[in-house]
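Okay, here's the structure, questions in a sec.
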Amino acid sequence: MRKSARRSHTFTWDDPHAAAAAGIGLSGLDYLRKMAQGELPMAPISVLMNVTGAEVQDGHAIFTAQPLECHYNPIGLVHGGFAATLLDSAMACAIHSRLPQGQAYTTLDLNTHFVRAITVETGPVRAEGKVVHLGSRIATAEGRVIDASGRMYAHATTTCMVFPGGQSYG
């Protein structure tokens, strides 16, 4: 058996509470656009998932991430949680982009289908989320993870609960 070299990875992130507080006075779309443009810091999970780009439109969100070796599972592939987390983020942010100032949401259900393994050699992947339905209390979205060639690695649906305006995020 061959010994492998030990590796390390360091994470640095901004205070998530400061960004969340700034978001209370903005519509969901304005808040997410400020993050995508670097005017507000991205969420700490974006650092952990190695998100390298974000695009947001009304009802759509796209995150680009580079899988790293530290995302690997015990069988030598990127853990499925990598794709599931990217999908949860893209779909929930697609929903968030449609919410007015003061409204919040949380994921109630995430149904993910993995169709191909991701490795470091896959290169950057895109998680795309799109709103399917936005109601006053429940919203649904769909998403997919694809590579630069358009090959799909996972697809998913989500249901989110929408909180009325004025309700706390916490």
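Could you work out Rg/(2.2 N^0.38 Å) for region 27-163, with Rg from alpha carbons only? Provide the component values of the computation, followed by the final result.
Working: Rg = 14.4 Å, N = 137, 2.2 N^0.38 = 14.3 Å.
Relative to the rule-of-thumb radius for its length, region 27-163 sits at 1.01.
If I take R0 = 25 Å and measure r between the Cβ atoms of residue 52 and residue 121 in this structure, what FRET efficiency does the formula 1/(1 + (r/R0)^6) give, to the nearest 0.05?
Working: r = 17 Å, r/R0 = 0.66.
About 0.90, to the nearest 0.05.
Within 10 Å, count the other beta carbons around each residue, average over each peptide in 112-118, 29-35, 138-144, and list them highest first. Numbers along the way, then the final one.
Working: 112-118: 15.3, 29-35: 19.3, 138-144: 21.3.
Output ranking for 112-118, 29-35, 138-144: 138-144, 29-35, 112-118.
Could I ask something else about it? Give me a comma-separated list of calculated 3J(HN,Hα) values for region 85-91, in order, Karplus coefficients 6.51, -1.76, 1.60 applied at θ = phi - 60°, integers in Hz, x for any Gly or Pro.
Calculated HN-Hα couplings, in order: 5, 4, 5, 4, 5, 5, 5 Hz.
Next up: Among 48, 36, 60, whose Cα lies farthest out toward the positive end of the dipole of region 27-163, if unit charges sit on the beta carbon of Lys, Arg (+1) and Asp, Glu (-1)?
60
So if I place +1 on the C-beta of Lys and Arg and -1 on the C-beta of Asp and Glu, and nothing else carries charge, what would the dipole magnitude of region 27-163 be about its Cα centre? I want it in debye, nearest 20. Provide the component values of the computation, followed by the final result.
Working: 9 positive and 11 negative charges, 41 e Å.
That gives region 27-163 a dipole magnitude of about 200 debye.
Taking amide H positions as placed in the peptide plane 1.01 Å from N, state which residues far from residue 40 in sequence (5 or more) or on other chains have amide H under 5 Å from it.
35
A short reminder: the numbers here are calculations on the coordinates, not readings from a lab. Every value quoted in this text rests on a predicted model; they were computed, and no experiment measured them. Glycine also receives a Cβ, built like all others from the backbone with ideal geometry; neighbour counts cover every protein chain displayed.
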